[in-house]
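*Asks:* Questions regarding the structure given below will be posed in turn.
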Amino acid sequence: MAAGAEHGLKRIVWQRIKDTLIADCRKSEVWKILILDQFTTRLLSSCCKMSNLMSEGITIVEDLHKNREPVPEMKAIYFMRPTAMCVDAFINDFKLKPKYKAAYVFFTDYCPDDLFDKMKKNCAKHIKVCKEINVSFLPLEAQVFTCENTEAFKSIYTPNSQDRDQTLETIANQIVTLCATLDDQPALTHFTLFSFHIQGKTQAQLLIVDRALDPVSPILHELTYQAMAYDLIPIKDNNYEYKLNDGSKKEALLNEEDELWVKLRHMHIAEVTGQIPKLVKEISANRDEKKQADGKITIGGLSQLMKKMPGFRKQMTQKTVHVSLAEDLMSHFQKNVEKLCKAEQDLAVGADAEGQKVKDPMRTLLPVLLHPHDTTDKIRAVLLYIFSLNGTTAENLNKLIQHVKIEDESGYILNWKHLGVPILSTVSLMLSFRKQPRKDRSDKETYNVSRWTPVIKDIMEDAVENKLEVKDWPYQSECPSAWNGSRAVSARQKHKGSSPDDLRSGSRLILFVLGGVSYSEMRCAYEVTHANKSCEVIIGSTHILTPRGLLEDIYKLDK
């Protein structure tokens with residue numbers, strides 16, 4: 001299995017697929033074709049390789065929506081979403097002249113009755129199996145999942161949206177399939193505009209939060225390796241393009257197959273760059289070792305060398321990729337980002353690196369506006385200024401928009417109001433929007449340009465320690481015993497909280513961010529899990545955010 005599938009969500013999802021989809025088809029010795037839609041293609045790609053499918057008797061993988069040659073002597077496995085488009089494509093394969101010997105149909109989640117009846121009416125005799133396997137989310141990383149729904153942002157936050165309720169219902173159903181896959185029935189705690197409750201008492205808790213809870217984290221220039229890469233480098237579908245010494249270009253996939261990526265992704269760029277000389281030395285040492293091995297080869301030694309070669313080449317490639325990526329990021333940092341970071345951190349934290357309170361945020365913002373930064377960076381700084389004040393006056397806002405020269409594109413700033421984030425400091429908005437109280441982390445060692453901690457980390461830590469405020473987080477009394485049962489007083493009463501060490505091993509916190517999750521927030525899930533050991537934190541969202549992507553989504557809300 002892939003490195004990233006050896007643990008966590010990817011392994012669990014692949015096991016579920018094997019236990020249902022593959023197990024039902026294993027009885028027949030005939031090799032089969034696997035037919036996927038766009039979503040299930042991404043789902044399978046995220047948790048297994050073609051070699052895994054081959055070992056299960058699947059020889060060909062095809063696209064449901066493309067023209068395919070008939071193979072009437074083979075059986076076909078259909079793994080697809082229960083949509084009208086998918087069901088119609090399936091029916092077309094059997095309506096006139098069947099393309100395959102038989103069909104094993106598996107839906108990612110619940111198939112509506114009308115679609116099921118349509119399928120049954122048109123091609124029941126060809127269907128050997130028809131099941132819903134309850135996996136309608138993507139396991140992106142060991143502790144990260146997504147609903148793969150970038151359009152949800154527009155549906156939820158657009159004023160007078162026509163499909164908000166339907167979108168929220170779809171998302172709720174996707175979260176339910178996650179719980180089913182994890183075999184959890186978590187207590188639900190929510191801080192957002194929709195809720196549902198999953199009955200049962202297990203060692204799991206589900207928190208649902210809205211993007212407005214923390215508008216700062218996805219806007220800041222984050223300086224940990226993964227977040228920085230996706231902010232500053234044009235990475236598409238996790239592919240990073242880099243140059244070789246001869247000037248040619250090559251692409252590398254940044255995923256959990258790359259063990260070095262997993263090791264580096266949550267490190268601060270200052271630590272990553274500190275690793276570069278070591279990596280270069282290791283590359284040289286490995287080359288020298290290979291030369292020495294070449295000089296004294298025996299038959300047994302040759303055999304060992306041949307076994308090591310694929311792994312050696314892979315290791316060499318990974319190191320080359322990350323030396324290149326780290327150098328790219330440092331180039332961006334030194335050229336532009338470094339000048340922005342101090343101002344951004346002061347505005348976000350509300351204090352400077354020495355702990356002195358920022359009394360006049362405009363004095364902090366002004367140098368950024370006067371410097372020839374690109375427009376997007378100035379917009380990000382202006383937003384951080386406005387967030388720090390919990391909204392500004394209409395007069396001041398107009399001046400800022402004119403200074404950044406976005407009079408015709410003011411939606412980048414104004415449209416945050418549709419998320420419920422105060423942009424204008426009116427009394428009604430000030431009353432309806434209350435910032436989360438922050439933990440004091442002043443005693444923690446950190447870099448001056450990385451003092452901000454995402455709000456979500458406070459929430460994760462409070463949830464694990466059973467310290468969430470009940471007025472903000474309903475249903476506390478219904479949390480499972482692993483969180484507030486016999487070993488803890490009800491969350492509706494005053495309590496000292498519980499040590500993470502008191503949690504029974506195997507407890508799980510699932511945190512869902514409605515409206516997109518940032519890479520810095522994803523990192524927090526791993527950090528809190530690592531710090532607590534006895535509780536695994538899984539984080540998910542409708543989609544993954546980058547700062548520029550979020551600004552574009554915000555801008556389009558009134559279009």
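The values are calculated or read from the model by the stated rules, or taken from the named source; none is laboratory data. Worth saying up front: this structure is predicted, and the values here are computed from it rather than measured. Please note: Cβ atoms are built from the backbone with ideal geometry, for glycine as well, and neighbour counts cover all protein chains shown. For the accessible areas, the whole protein counts, side chains as well, though only heavy atoms, and no ligand, DNA or RNA atoms are used. Shrake-Rupley method; radii C 1.70, N 1.55, O 1.52, S 1.80 Å.
*Asks:* Based on the Cβ-Cβ distance from I235 to K120, what FRET efficiency comes out when R0 is 30 Å, to the nearest 0.05?
*Replies:* Computed FRET efficiency for I235 and K120: 0.10.
*Asks:* Would you kindly calculate the mean projected area, averaged across all directions, of the convex hull enclosing the Cα atoms of the range 9-134, in square nanometres?
*Replies:* In nm², the orientation-averaged hull projection of the range 9-134 is 7.0.
*Asks:* Next up: Give, as a single signed number, the net charge of other residues whose beta carbon lies under 13 Å from the beta carbon of L223, with Lys and Arg counted +1 and Asp and Glu -1.
*Replies:* Result for the local shell: -1.
*Asks:* With a ≥ b ≥ c the root eigenvalues of the C-alpha gyration tensor of the range 339-432, is it rounded (a/c under 1.5), prolate (a/b larger than b/c) or oblate?
*Replies:* The shape class here is oblate.
*Asks:* For the range 9-134, with the dipole built from +1 on Lys and Arg beta-carbon atoms and -1 on Asp and Glu ones, taken about the Cα centre, which of Y100, F90, C123 lies farthest toward the positive end?
*Replies:* Final value for the positive-end residue is Y100.
*Asks:* Relative contact order of the range 9-134: what whole-number percent is it, with Cα pairs under 8 angstrom and at least 6 residues apart?
*Replies:* 25
*Asks:* Which of W261, P234, I208 sits farthest toward the positive end of the charge dipole of the range 208-272, with +1 on the Cβ of Lys and Arg and -1 on the Cβ of Asp and Glu?
*Replies:* Of the candidates, P234 comes out farthest on the positive side.
*Asks:* Once the other residues with Cβ under 13 Å from the Cβ of A89 are scored (Lys, Arg +1; Asp, Glu -1), what is the net sum?
*Replies:* It works out to a net charge of +1.
*Asks:* Taking a threshold of 29 Å on the Cα-Cα distance, which of the pairs K467/K533; K243/K263; K18/K319; K357/K435; K32/K95 fall above it?
*Replies:* From the list (K467/K533; K243/K263; K18/K319; K357/K435; K32/K95), the Cα-Cα distance tops 29 Å for K18/K319.
*Asks:* Given a 1.4 Å probe, how much area per residue of the range 339-432 is accessible, in Å²?
*Replies:* Per residue, the range 339-432 has an accessible area of 49 Å².
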